[in-house]
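The values are calculated or read from the model by the stated rules, or taken from the named source; none is laboratory data. A quick note: this is a predicted structure, and the numbers were derived from the prediction, not measured. Cβ atoms come from the backbone with ideal geometry, glycine included; neighbour counts cover every protein chain shown. Only protein heavy atoms, including side chains, enter the accessible area calculation; ligands, DNA and RNA are left aside. Shrake-Rupley method; radii C 1.70, N 1.55, O 1.52, S 1.80 Å.
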Amino acid sequence: MQTLTQVLASQPLNASLTQVIHTLANSAKDISSAVRQGALAGVLGATEQENVQGETQKKLDIITNDMLKDALAQDSHVKALASEEEDDIVALNSQGSYLVCFDPLDGSSNIDINSLVGTIFSVLPAPAGDVSAKSFLQSGRAQVAAGYVLYGPSTMLALTTGHGVQLFTLDPSTNEFLLTDAAMSISPDTSEFAINMSNQRFWEAPMQSYISDLLLGKIGPRERNFNMRWIAAMVGDVHRVLCRGGIFTYPADNKDSKKPFKLRLMYEANPMAFLVEQAGGVASTGYETILDIEPQHIHERVAVILGSANEVNACLEYHGQHYDDQEPEC
Ligand code: AFP
């Protein structure tokens, strides 16, 4: 089996980007050990702190954020980072060629129940000159690499540099990431959807009718039954979609008028959309392609509908009907 080093060497990447990917992968190995320690290392539970999202930070959120920050600070190719757990960007090496956005521990509310969590990362080119939050405001199309590390029964790295999606499994005996799928591909059709159904009454009309038609199954307009899965960690749900197809969505909702969207663009939606498109899938907000969004803020949130191309397009047709009738709610 090929190692991560061998696979990266076979791709047309410059040495500095290869180094940044190795820095992220090596830091993820350390995070994997910390997550596996869990209660034994006294790292479960919450702190008294809140992050910029207004969410109580779990101990491991902070520990893993600091591990990634320290690792990236030592990589001369990284000019700055943006993290879900950091209010503002963190300037690192002024001569660096890359910016890194990450969610250090996605799904952290799963930590205390020993369920799936992961690290999501996105690598952007660093503009010349002084770095600021504005430097990060590039569309997802500008990403030069993206991926996630899933801390599950196996620790797995899914990576794209724009040459398809490669999946690696961490070999505990050598602590090496070994290639276990050279070209992940999302089946165009699916009968499996992932959504947090408890928000149903708050969704916009197009999503209400799309999901209710799925639930009607054989007796409804889709004329087949559907299954549902919800891991409450995007990294786990997207991994399932990459492995066996499916549609994952966290749509707009009016539960809190000040926060119509849940998922963050820069370090959740964009990296996952890059992976999904590279694997032959589709990633949309319902009204625009995620990778084409011009970000306005490093912690911007968006609606996400991604996965099997034909099923996402079926969902978008419902939005198209709604969209044709009136301007989409912003
Ligand atoms: P946490 O990291 O706070 O657990 O949130 C995870 C997440 O951002 C994303 O990974 C999940 O898909 C989504 O939130 C789950 O949201 P619900 O808790 O509303 O189901």
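In summary, strands (runs of 3 or more DSSP E) completely within segment 1-101 and bearing 1 or more residues that are open to solvent by 70 Å² or more (accessible area, probe 1.4 Å) and not β-branched (Val, Ile, Thr) occur at 46-50. Here Gly307, Gly320, Gly220, Gly281 are screened, and the one residue that is within 16 Å of the ligand (Cβ to nearest atom) and either open to solvent by 10 Å² or more (accessible area, probe 1.4 Å) or over 20 Å from Ser108 (Cα atoms) (or both) is Gly307.
Can you spot a residue in segment 37-53 that is of a type in the set (Ser, Thr, Tyr) and closer than 22 Å to Gly152 by Cβ? No: zero hits.
One residue alone among Leu159, Leu179, Leu170 is in contact with an Asp or Glu (Cβ under 9 Å, 6 or more places away or on another chain), in contact (Cβ under 8 Å) with a residue 12 or more places away in the chain, open to solvent by less than 40 Å² (accessible area, probe 1.4 Å) and hydrophobic (A, V, I, L, M, F, W, C), and that residue is Leu170. The criterion of being open to solvent by 10 Å² or more (accessible area, probe 1.4 Å) and within 30 Å of Leu137 (Cα to Cα) holds for Asp292. Regarding Gln49, is this residue closer than 30 Å to Lys258 by Cα and either without any contact (Cβ under 8 Å) to a residue 24 or more places away in the chain or of a type in the set (A, V, I, L, M, F, W, C) (or both)? Answer is yes for this residue.
Taking first residues from segment 183-201 that are over 22 Å from Val165 (Cα atoms) and within 13 Å of the ligand (Cβ to nearest atom) and partners that are open to solvent by 50 Å² or more (accessible area, probe 1.4 Å) and not in a loop (DSSP other than H, G, I, E, B), the Cβ contacts under 8 Å between residues at least 6 apart in sequence or on separate chains come to Ile195/Met228; Met197/Met228; Gln200/Gln208.
Just one of the listed residues (Met228, Met266) is in contact (Cβ under 8 Å) with a residue 12 or more places away in the chain and loosely packed, with under 15 Cβ neighbours inside 10 Å, and it is Met228.
Selection of segment 202-217 for residues being open to solvent by 40 Å² or more (accessible area, probe 1.4 Å) and away from the ligand (no atom under 13 Å from the Cβ) yields Ala205, Gln208, Ser209, Ser212, Leu215, Leu216. Residues in segment 115-150 that are in contact with a Ser or Thr (Cβ under 8 Å, 6 or more places away or on another chain), of a type outside the set (A, V, I, L, M, F, W, C) and within 16 Å of the ligand (Cβ to nearest atom): Thr119, Gly147, Tyr148. Being modelled with pLDDT of 95 or more and assigned to a helix (DSSP H, G or I) is the filter here, so list the residues in segment 102-147 that pass it. Result: Ala133, Lys134, Ser135, Phe136, Gly140, Arg141, Ala142.
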